[in-house]
Every structure is written in structure tokens, then in C-alpha cells.
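> This is the structure I have questions about; it appears just below.
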Amino acid sequence: MKTWTQKIHIYLGLYFLIFLWLFSASGLLLNHHWDFTEFWTKRRQSTNEHRLVPLTTQSDPDRAAEVMQQIGLVGELEWTNSRPTAQRLDFRVSRPGHVVDVKTDLTLGTASVQEVRVNGWGILRSLHTFNGVGANAVRAQRDWSLTQLWTLCMDALALGLIGLVVTSLLLAWQRRARWFGASLALAAGCLVCGFFVVGLAWL
Amino acid sequence: MSISPSASRNIHRWTQDLHLYAGLFLSPFILVFAFSTLALNHPVREVTAPPTAASRTQSVTVATSGLGTLDHARSILRQLELTGEIDNVMHNTKAGRLTIPVSKPGELTTVQVDLNSGVATVQRKANGMAAALVYLHKRPGPHLIKFRGNWGYMTAWSLLADAVVYGTLFLTASGLYLWWFFKAERTFGWLLLAAGTLTVGGLVTAITLA
């Protein structure tokens, strides 16, 4: 029993090690504003106009996909605002480090494309939050296969962490000589964490 | 310089104990971040939830200077006996209204102050456990920097969030050290490490260079 618990603990820890480092580092970047990690003021921006071949599809997602194909864009499709008029189709295509705002005029057959590229620090930050269901998105669903895969990895990491915690509890249970210290550490963690999760609401 | 066998045993035992104790202390925090990740990735889109309690109104003394500042918002919250992290305070000059959102894990209270009559309306909305976890996961976060950490407990949480990250880094480093002593697990361990690295590396490359 102990051997298998230990094996699973080691295997989960080793497989998810790099994931954990990536999300730890990006978590720190999101919570701190260190000058050397500045990316937004160093962004590269460009705006281009494209002519569009008349669209053949009817629904907004299909039309957006058609426009993306014509312009040569790949990434997660985001609807940042409701459609202003029937002639307009505005959307955003994003992936970590690269955000493209597309504003199309279907009557004139044109698309204004504004691209923003950020450096490695910006990419690292956005990898932490890149799940295709942004808080500001009007119609949120994952439509890029890589967003789905990345989200799956994040879910797997979360489940892996839960697995690591469960196996660590089992391993601690089996080390009888360390019960006192282990119970103290766990109780302290539960108390402090519990205070923030449920206790603050009572203050 | 080589380390004596007894010193090496001591280092190993200490690392093992620290890994155990630090890991157990951090366990609940790691669970908070893990469950909130699942909640963030699979949000349940709700139609605007109704307020939990009926709104209450109360007269407050509103200072005319510093409208919309944190100190000003704090003085109003003191009169209303409300606590929590003040989010983005909005001062609508035209309507003569001040809006102060006050948040806690899993709870949002909105205070609307009519600056002409000096009457404050307080509306509280409880969002549940999942929202509490997500709230803590996102704090302090990259937004509203000048407002963040205005409630002592949230400053403490941001320190704890950092401590969890550094603690996790310690756990991974000590875990690697301890793994190295399991000679039977080295080959499969290397394979798993390589598989994890390839998965992350491959996906990040594909996402950023697609």
C-alpha cells in the first residue's frame, strides 16, 4: 500500500513538475508588478486593412471563421461586444502574446485588423489565464483546439495536485513516528486557510 | 569536499521531514487553488443572481472633499459598519452618486450613496463557496493595483499566496532531491519528467507560434 501511494505521489509530482513551475512563475508575475517583467508598454502594434471575398456563411461564428481564414488568423475567437449593426462583424482572435481585433464592414467587404504582440513576460502571464472563457467575453466557448488542449492540461494539473495532496495525506498517515508534527502542520494549514475561505465572511 | 555519510543521512532526514510538514501545511491552500482552477475553467454561467438580503438604507455623513478616494470610501463604510476589500469606487458627478463595491471571499456588497440626500443603500450578495475559492485564486491579481490590498486581511492573503508559491517551489525542489534516492524509480521518473516537459514545451510552442 505504502509503496503504491509513494509511487503515485512521485509519478504525479514528476509529470506535473514543469506545469507547476510554469503556473507558479506566472502566478507570481500576475500578483507583482516587477519592472523587469514589464510587457505592455513594450508591445508592438500594427493596423492593416484587408479586402474580403464575399462571405458565404450565415451565422456569426461561421462568418468569423471565414474572415479568419481569409486573413490567415489562428487563435481563440472572442466576442468582445454585441454586434453593433447587421453590416458589422467585430471580434477578437487571441492567443498568449498575440491579440488581434478584427472589425469588418460586410457591405464594403473590408476588415480592419489591429494586432498587438507582447514579449515573453506577457506570454507567460497570459498562459496562466488562457482558458477561452474570459470574464468579459459576451459569448464564451472554446473554439480553438489548442485552447481546449491547454484547458485540459490546466484541469489535469488541478486534478494532479488534488492527487498529490491525497497521497501526501496517506503517506503522512503511514509515518506514525511523525504523527504529532504532521497533525500540527495540517491543522495549522487548515486553520489559516479556512479562516480566509469561510472565516472572512463572518468578520 | 565530500559529505560524510552521517551528515548525508541527516540532510536526507531533514529534507524528508520538511517536505512532509511543509506539504501538509500547504495542502489546504493547494486544494483551494486546484478546485478554483476547475471552477474558473468550467464556469457555471448564471443569470444575474438576486441579492441575498433585502437592501437596507441608512443616513451617512458624506465629506465633500476627496470624493471617490479610498479614504472617503472607508469613512462611509465605517459608518455603515461594513468591512471588506474596497474595489473600484465610482463617482458619478452628474447623478450625484457614489458607488462603493466591497468584496470578501464569496460575497459582494454594493453601497450606493446618494450624495444629495446623504442616504446610503447597502445591498449584499452571497455567491457561494466556489466563488469564494475563485475570489481568493484571483487575489491580488494584476488589476486595480492602486486599490488592491486596502483591507488588511487581503494584504495578508496576498502574502500567503506568495508563500504558497515559494512553498510549492520548495516542495518540488525537495521532492526532486528525495526522488533521486529512489534508485528503482529513476528511469521511469526520468521518462515522466521528460513527458511532462515535452507536453508543456510542445503545447506552449504550438500555442504561441501557431
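The values are calculated or read from the model by the stated rules, or taken from the named source; none is laboratory data. This one's a predicted model, so the numbers in the text were calculated from it and none came from an experiment. Because the Cβ atoms are built from the backbone with ideal geometry, glycine has one as well, and the counts that use them run over all protein chains shown. These area figures cover heavy atoms from the full protein model, side chains too; ligands, DNA and RNA do not enter into them. Shrake-Rupley method; radii C 1.70, N 1.55, O 1.52, S 1.80 Å.
> For the stretch A:23-54, name all the residues that are away from chain B (no Cβ under 14 Å) and touching a helix residue (DSSP H, G or I) at 6+ places or on another chain (Cβ under 7 Å).
Answer for the stretch A:23-54, where residues must be away from chain B (no Cβ under 14 Å) and touching a helix residue (DSSP H, G or I) at 6+ places or on another chain (Cβ under 7 Å): A:HIS50, A:LEU52, A:VAL53.
> Taking the stated definitions as given, is A:TRP21 more than 28 Å from B:THR197 (Cα to Cα) and of a type in the set (Phe, Trp, Tyr)?
No: the conditions fail for A:TRP21.
> Let me ask something additional. Identify the residue in the stretch B:117-132 that is hydrophobic (A, V, I, L, M, F, W, C) and in contact with a strand residue (DSSP E or B) (Cβ under 6 Å, 6 or more places away or on another chain) and, among all such residues, is nearest to the other protein chains (Cβ to nearest Cβ).
Filtering the stretch B:117-132 for residues that are hydrophobic (A, V, I, L, M, F, W, C) and in contact with a strand residue (DSSP E or B) (Cβ under 6 Å, 6 or more places away or on another chain), the one nearest to the other protein chains (Cβ to nearest Cβ) comes out as B:ALA126.
> Taking B:PRO51 as the residue in question, decide whether it is at pLDDT 95 or above and either open to solvent by less than 40 Å² (accessible area, probe 1.4 Å) or at negative phi (or both).
No; evaluated as a whole, the condition is false for this residue.
> Within the stretch B:129-155, track down each residue that is on the phi < 0 side of the Ramachandran plot, touching a Ser or Thr at 6+ places or on another chain (Cβ under 8 Å) and open to solvent by less than 50 Å² (accessible area, probe 1.4 Å).
Across the stretch B:129-155, the qualifying residues are B:LEU133, B:VAL134, B:TYR135, B:LEU136, B:HIS137, B:ARG139, B:PRO140, B:TRP151.
> Take the stretch B:156-204 and flag every residue that is open to solvent by 60 Å² or more (accessible area, probe 1.4 Å) and among the hydroxyl-bearing types (Ser, Thr, Tyr).
Result: B:TYR166, B:TYR177, B:THR187, B:THR197.
> So which of B:THR155, B:THR172 is without any contact (Cβ under 8 Å) to a residue 40 or more places away in the chain, more than 10 Å from chain A (Cβ to nearest Cβ), in a helix (DSSP H, G or I) and hydroxyl-bearing (Ser, Thr, Tyr)?
Checking each option against the conditions leaves just B:THR155.
> Test B:LEU31 against the stated conditions and say whether it is under 27 Å from the mean Cα position of the chain (by Cα), at pLDDT 90 or above and open to solvent by less than 70 Å² (accessible area, probe 1.4 Å).
Values: under 27 Å from the mean Cα position of the chain (by Cα): yes; at pLDDT 90 or above: yes; open to solvent by less than 70 Å² (accessible area, probe 1.4 Å): yes.
So B:LEU31 fits the description; yes.
> When you go through B:ALA95, B:ALA22, B:ALA73, B:ALA120 one by one, which is the residue that is outside any helix (DSSP H, G or I), among the small types (Gly, Ala, Ser) and open to solvent by less than 40 Å² (accessible area, probe 1.4 Å)?
Only one candidate qualifies: B:ALA120.
> If I go through the stretch A:130-150 residue by residue, how many of them are modelled with pLDDT of 95 or more, closer than 19 Å to A:ALA25 by Cβ and surrounded by fewer than 21 Cβ atoms within 10 Å (Cβ to Cβ)?
0
> Still on this model: Could you list, in sequence order, the residues of the stretch B:76-92 that are among the β-branched types (Val, Ile, Thr) and open to solvent by 20 Å² or more (accessible area, probe 1.4 Å)?
Result: B:THR83, single match.
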